[in-house]
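One structure is given here, and the rest of the page talks about it.
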Amino acid sequence: MECPPSKENGMKWSLHVLCSFFSSICLLLLRNCHNISGKTLDGCRLTHEDVTGYSLEGDIILGGLLAIHLDVEYPKVTFQEQPPSLKCQTFHIRYYRYLLAVVYAIQEINQASDILPNITLGFKLYDSCYHQVRSLMGTTWILSGKKQTVPNFSCYKERMPSAIVGDMPSKASIPMARILGLYRYPQISYASAHPILSDKLQFPSFFRTIPNDDYEVIEMAHLVAYFNWTWVGIITTDNELGRSGSQLLTKKVEESGGCVAFLEILPIHNSIESVLRIIDVIKNSKATVIVVYSTMENLIPLMEEASYNNITSKVWFACSSWSITSDFPRVDILTTLNGSIGIAQPSGEISGFKEFIQSIHPSKFPNDIFIKTFWEKAFGCVWPTGNPSNNYSSTNASHGQSVWCTGEEKLDSIDPNVYDVYNFRYSYKIYNAIYAIAHALHQMHTCIPGQGPFVNGSCADVLQHKPWQLSYYIKRVNFINTAGEQIYFDKNGDIPLSLDILNWQLYPNGSNQYINIGKIDDRAAKGNELQVEEERIVWNGHSHPPVSLCSDPCQKGFRRVTKQGQKICCFDCVPCSEGEILNPDDGTKCLKCPEDQWPNSFKEKCMPKSIEFLAYNEFLGSSLACISIICCALTFSVLCLFIMKHKTPIVKANNRGLSYLLLTSLMFCFLSSLVFIGCPNMITCMLRQVLFGIIFSLCLSAILAKTTTVIMVFSATCPDSRIKRLVGLRIPIYIVPSCTIIQIVLCLVWLCSAAPFEEFNMVAESGVIVLECNEGSKVFFACVLGYMGLLASVSLLVAFLARNLPDTFNEAKFITFSMLVFASVWITFVPAYLSTKGKNMVAVEIFAIISSSAGLLVCIFFPKCYIILLQPERNNKRSITGRKGSSVK
């Protein structure tokens, strides 16, 4: 609750009055008057403006400063004469209830038998008009006891007021608390929330029944985070409280991961240029939530302009200083504010207060100088005798209205939005303040001499106590009020934080209501301080909480990258790299998974990698195994055919023993591929390449021997051939074992020095652990393959040289073709093998084994099988050699 904007000449008038006011104090102090300590002074006289209020006599007097009017009229300042009195304007019906709360609470205490028995409380109430100068005037009037205010003098003949309740705005309570704190004079405010008032070094006797405003700001930031609003605008008032509060709000919003889209300052002096500029900022901002940390009087021009521009897509977040206001006059403004969220001081139950404020009448309270003004404002009429006080201007009378007040008007006919009798918030705070003073006085009254809190256990006289003695008791007051709530003050003079969360809801008939949708209570169990009933919220144009973001949230597995030159809430989304997940604690970073784990599909968490190898139960493994077995069976069929036709010329030609050996080795070549399929272990890893190398070396040695045999047989038929002498040495028979033994020796050395072994390959393929065989020594593996390549190259060269032998069935041609196929397969195998990973490497090698073996089988033996099975007439010596009498063995 803060100060309204000053009028154009208000600052000059205030400075003039304050200077004269404090000059009077200085002059009196220089006189060294004997009654500064509070002694009686007869005929106090100090020329100053007259002040009056509403008072009631009692054994103990309580003072009250209440902002019943919202503004003042500033007279013209000439600096040639004392300025006339301030005229209060804009009577506030809701604020008048605060005065009634004081009257009702004191009446209730006076009628109670359990608190201050046989002692009556009286009061002196003064309207500060929401202005700090009038607050100081009222303070001096309450303390001096005379209509002519006498600063620092007490003209009471018996006793001074024990404590002061008020004021409403912090701008008025702060100078009051500084003066009253000099004498430890207790002051309890019901609405001043400025954080500085918690400083007990500056304000030792100040208390309040409203929480520190910093706590309210913190809870506003918590609510912003609760609804996941990360991109919000802030509008605040251009005063100390507004600037400090907006800074704290910005800090707390950013600490919770949000950002402030804009921070705009509403000037105290109404400026249409500033309002239009702020409206443009609101319209052009992506923020759909606007936190308004401002006072009511500064906000009306902005809301009028917002409604004119039809800004209904925003959610307005109200602070407690305007969240329950009834001062918006137009339905279009209420339409703009429909669905707004606000926090407010919690409402409390005051038993019997509703009936009391509906039963008041000028005839019942003749000393109440405000009740006739209230009647005029509430019913739109004018009393025939005019307003009883010359310090208060009657708005209706000034406009010459002819509707006269009769006193027969019914209070229950007033609009509840104006004269609310159902929700008591600040009235409840005033009620608690009066009871806090009463309980402190009661404890003082019931003190037992010798057990008191003061020197030597002494007690204070409740009727003649010192201000600091009552302050002592107020600090320690702790009681349960009539609503069942525990009331006490902390070390800073504040009460525990308790706030209501409200939702503005507009009805079709144009009326609005504040619906309680939750609460904030520091006294609740841990983790339950904030409670929100979202199902009760009505959003303006939304069926669910609106989204207020600068950038849309990143999809799963994407990290945030802040846009250059912008706040962290404005970002781009970049996917996490392979093998990384989004850091659950920091959306701007990714975490690399351990080697044995891999991100799930959304890159939210690391999952254990699946172990992979070329298995028989998968399609690729079973297909290669079937092909190997079929090829082996086909080779075995060819071997059986050759054995059955072993006496035919085509089988006998070119050494049928080598043919049998070659077919048998090809069978084992096909079967050797089966060792590569299945779960690798130490034995299979050692056998894989060794069996493959030895069997293929045997196969290639047999082919080399067959090629050599072809050359020797057909060359021996030529006259004068030197090769004829070598035919009898049977050289081809020795080629096979000698060439094979070399490979066997290489394999044995390999196994003994650096044998292959199984290992888990974490990086071969993404997301899986490949169980594979490590070849151990790459050098020996290369030597085994290189030796096979050497045998294949020699066989290809020899067969190529013999391709043009003048024979009808020249087997050298078929061997040449087969070796070309073999060489092509293994030449392409090397880059394919090196470019694949995981189980695909094994599949490539199996494919190379099957392909090269099949190439040898097809190119060498299928032509012979074709003649044996389909053209048996060609299976004779003449057809085979093309010569009569040729020997075929």
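The values are calculated or read from the model by the stated rules, or taken from the named source; none is laboratory data. These numbers were taken from a predicted model, which means no experiment stands behind them. Here the Cβ positions follow ideal geometry from the backbone for every residue, glycine too, while neighbour counts run over all protein chains shown. Note: accessible area is taken over every heavy atom of the protein model, side chains too, but ligands, DNA and RNA are not part of it. Shrake-Rupley method; radii C 1.70, N 1.55, O 1.52, S 1.80 Å.
Sorting T446, T250 by accessible area (1.4 Å probe), largest first, what list results?
Result, largest first: T446, T250.
Between region 104-142 and region 594-670, how many Å separate their Cα centres?
If we compute the Cα centre of each part, the gap is 105 Å.
Using a 1.4 Å probe on the protein heavy atoms only, what accessible surface does R425 show? Give it in Å² to the nearest 10.
20
Quick one: Karplus J couplings for region 125-142, per residue in order, coefficients 6.51, -1.76, 1.60, θ = phi - 60°, nearest Hz, x for Gly and Pro?
Per residue, the Karplus-derived 3J(HN,Hα) values read 10, 9, 8, 8, 6, 6, 9, 5, 5, 5, 5, 5, 4, x, 4, 5, 5, 5 Hz.
What ³J(HN,Hα) values, in whole Hz, does the Karplus curve 6.51 cos²θ - 1.76 cosθ + 1.60 give for region 182-199 when θ = phi - 60°, with x put for Gly and Pro?
With coefficients 6.51, -1.76 and 1.60, one gets 4, 10, 6, 7, x, 9, 10, 9, 9, 8, 7, 10, 4, x, 5, 6, 7, 7 Hz.
Quick query: amide H of E533 versus all other amide H atoms, modeled in the peptide plane; which residues come in under 5 Å with a sequence gap of 5 or more or a different chain?
So E533 has HN proximity to G518.
Probe 1.4 Å, all protein chains in place: accessible area of Y215 in Å², nearest 10?
90
If I model a spin label as a point 7 Å beyond the Cα along the Cα-Cβ vector, how far apart are those points for N600 and K286 in nm?
Using points 7 Å along Cα→Cβ, the separation is 2.9 nm.
What distance in nm lies between label points placed 7 Å from Cα along the C-beta direction at Y488 and N367?
If labels sit at Y488 and N367, their model points lie 3.6 nm apart.
In what order, largest first, do W826, W468 sit by accessible area if the probe radius is 1.4 Å?
W468, W826
Nearest 0.05, what FRET efficiency do I196 and M762 give at R0 = 56 Å with Cβ-Cβ as r?
Computed FRET efficiency for I196 and M762: 0.35.
Post the alpha-carbon centroid distance, region 290-339 to region 817-861, in whole angstrom.
Rounded to whole Å, the Cα centres lie 81 Å apart.
Per-residue counts of other Cβ atoms within 10 Å, averaged by peptide: what ranking do you get for 294-307, 72-85, highest first?
Top of the packing list down: 294-307, 72-85.
Can you pick out the pairs among K251/K475; K252/K283; K171/K526; K429/K491; K124/K491 whose Cα atoms lie more than 30 Å from each other?
Violating the 30 Å limit, Cα to Cα: K251/K475; K171/K526.
Ranked by accessible surface with a 1.4 Å probe, highest first, in what order do L834, L634, L86 come?
Ranked from most to least accessible, the order is L834, L634, L86.
For D552, tell me the accessible area in Å² from a 1.4 Å probe, rounded to the nearest 10.
Counting only protein heavy atoms, the figure is 120 Å².
With each label point set 7 Å from Cα along the Cα-Cβ vector, what nm distance links E240 and E578?
6.4
Mind checking the full-extension length gain between N270 and E254? Use 0.36 nm per residue of separation minus the Cα-Cα distance, one decimal, nm.
Taking N270 through E254 to full extension adds about 2.7 nm, to one decimal.
Would you mind pulling out the separation of the Cα centroids of region 754-777 and region 492-539, in Å?
Result: 63 Å between the Cα centres.
Using per-residue counts of other Cβ atoms within 10 Å, averaged over each peptide, order 432-445, 584-597, 620-633, 664-677 from highest down.
432-445, 664-677, 620-633, 584-597
Taking amide H positions as placed 1.01 Å from N in the peptide plane, with prolines and chain starts having none, which residues 5 or more places from S85, or on another chain, fall under 5 Å of its amide H?
For S85, whose amide H was placed from the backbone, there are no distant partners under 5 Å.
Less than 15 Å from a label point 7 Å out along the Cα-to-Cβ axis of S610: which backbone N atoms in region 733-770 qualify, by residue?
The answer is 765-770, whose backbone nitrogens lie closer than 15 Å to the label point.
Please list, or write none, the lysines whose alpha carbon is within less than 27 Å of the alpha carbon of K864, excluding same-chain residues fewer than 8 places away.
Of all the lysines, those that pass the test against K864 - Cα under 27 Å, at least 8 places apart if same chain - are K645, K647, K652, K706, K724, K813, K877, K884, K889.
5 Å is the cut-off here: which amide hydrogens, built 1.01 Å from N in the peptide plane, fall below it relative to E264, excluding neighbours closer than 5 in sequence?
I234, I235, T236
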